[in-house]
Amino acid sequence: MCVLVCAGLWVSMRACTARDLRSLGEVTAVVEGPRPGTVVVRTVRDGTAAAWLADDTGEAVGFFEPADGVVAEPQATQCAGELCYRVPGDGLRVEHSTDGGVTFTTVWEVSGGRYTRIKSTYPDLGDPAQHLSSLSLVVHSVPGGHVVFVANGRDGLLYRDVRGAWHRQGVPDSGEGCCFYVAPPRIGDASEAPDPAVPVGAGTAAVILLVGLIGALAGRRWRGLPIVVVVAVSGGVAAGIMAPLGDVGMFPGYFYSGPIILGIVVGGSIVAHRFAAAPATREAGAPR
């Protein structure tokens with residue numbers, strides 16, 4: 001029963017993820033913003049075009065109003081002094097030059113098996129060359145170096161911070177407090193946080209199992225241990241499924257998954273302790 005419940009949770013979450021990715025839209029272009037230190041991120045969702053303002057920290061800070069008068073055209077190449085960046089437009093790839101654009105080398109890329117995997121993740125993708133490629137960019141000089149913004153189609157906005165780290169920001173959206181990014185699916189970039197599913201699931205299972213063992217040792221009763229193991233494994237699987245929950249609206253995933261995982265740990269521990277410490281059922285007719 002526990003296995004069926006966990007499998008059902010997994011299938012439901014996969015289905016919800018597919019629906020979310022289908023309605024996410026895409027970043028079609030990024031251009032200079034109406035004031036220094038800003039860019040305009042153009043998006044299309046369900047056939048409706050929109051535009052958002054992002055600042056040089058990479059944060060989405062508001063809606064772009066046509067009255068602001070930005071008429072900049074998307075650029076495939078931009079420079080900050082002798083440092084130049086360009087997007088060839090044939091995949092998720094950004095190239096970099098240190099000699100004013102004479103020679104270029106790849107500085108960020110999603111290719112090979114990772115590109116194939118992410119391409120199959122987005123439902124109703126269409127032509128990858130149009131909808132899953134680096135399409136345009138903006139380069140800004142900032143104190144301490146420079147930042148780069150890249151329109152990556154369905155994969156959203158790519159941002160290089162002043163330290164040189166690249167971040168797949170996702171697609172801008174709005175809610176209370178205005179704007180946030182809906183994160184793209186994980187592809188195992190070095191800049192991404194480690195997947196929490198395995199350590200959270202293993203830790204949850206270990207805690208529940210430990211509580212059950214303590215209960216069994218305290219009461220010197222062992223008949224309930226098989227049930228304790230089932231509860232621990234089921235709790236670990238459920239917590240592992242919840243751990244990588246993506247952002248929901250303007251709130252981070254852990255805002256929802258944290259209390260649920262805590263409930264799994266506490267509830268599973270209580271159940272495991274009760275089964276481990278429960279006295280054996282007295283057989284009928286046995287002496288008292």
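The values are calculated or read from the model by the stated rules, or taken from the named source; none is laboratory data. Just so it is clear, the model here is predicted, and its values are computed rather than measured. Heads up, the Cβs are rebuilt from the backbone with ideal geometry, glycines too, and the neighbour counts pull from every protein chain shown. Side chains included, ligands, DNA and RNA excluded: accessible areas come from the protein's heavy atoms. Shrake-Rupley method; radii C 1.70, N 1.55, O 1.52, S 1.80 Å.
VAL207 - would you say it is modelled with pLDDT of 80 or more, open to solvent by 40 Å² or more (accessible area, probe 1.4 Å) and in contact with a Ser or Thr (Cβ under 9 Å, 6 or more places away or on another chain)? Considered against the rule, which asks whether it is modelled with pLDDT of 80 or more, open to solvent by 40 Å² or more (accessible area, probe 1.4 Å) and in contact with a Ser or Thr (Cβ under 9 Å, 6 or more places away or on another chain), VAL207 comes out as yes. Taking the conditions exactly as written (open to solvent by 70 Å² or more (accessible area, probe 1.4 Å), modelled with pLDDT of 90 or more and more than 24 Å from the chain's Cα centre (by Cα)), does THR57 satisfy them or not? In short, no.
Checking each residue in the stretch 94-141 for being under 20 Å from the mean Cα position of the chain (by Cα), of a type in the set (A, V, I, L, M, F, W, C) and either farther than 20 Å from GLY47 by Cα or open to solvent by 40 Å² or more (accessible area, probe 1.4 Å) (or both) picks out TRP108, VAL110, ILE118.
Per the conditions (1) part of a strand (DSSP E or B); (2) open to solvent by less than 10 Å² (accessible area, probe 1.4 Å), the sole criterion not satisfied by SER174 is (2). Only one of the numbered conditions (1) at pLDDT below 70; (2) open to solvent by 40 Å² or more (accessible area, probe 1.4 Å); (3) over 30 Å from VAL110 (Cβ atoms) is not met by GLY219, and that is (2). Evaluation of GLU82 against the conditions (1) open to solvent by less than 40 Å² (accessible area, probe 1.4 Å); (2) free of Cβ contacts under 8 Å to residues at least 60 places away in the same chain; (3) touching an Asp or Glu at 6+ places or on another chain (Cβ under 7 Å) shows that the sole unmet condition is (1). When VAL102 is tested against (1) at pLDDT 90 or above; (2) outside any loop (DSSP other than H, G, I, E, B), just one condition goes unmet, and that condition is (2). Can you spot a residue in the stretch 261-280 that is modelled with pLDDT of 75 or more, open to solvent by 60 Å² or more (accessible area, probe 1.4 Å), over 30 Å from PRO172 (Cβ atoms) and touching a Ser or Thr at 6+ places or on another chain (Cβ under 8 Å)? Among the residues of the stretch 261-280, not one is modelled with pLDDT of 75 or more, open to solvent by 60 Å² or more (accessible area, probe 1.4 Å), over 30 Å from PRO172 (Cβ atoms) and touching a Ser or Thr at 6+ places or on another chain (Cβ under 8 Å), which makes the answer no.
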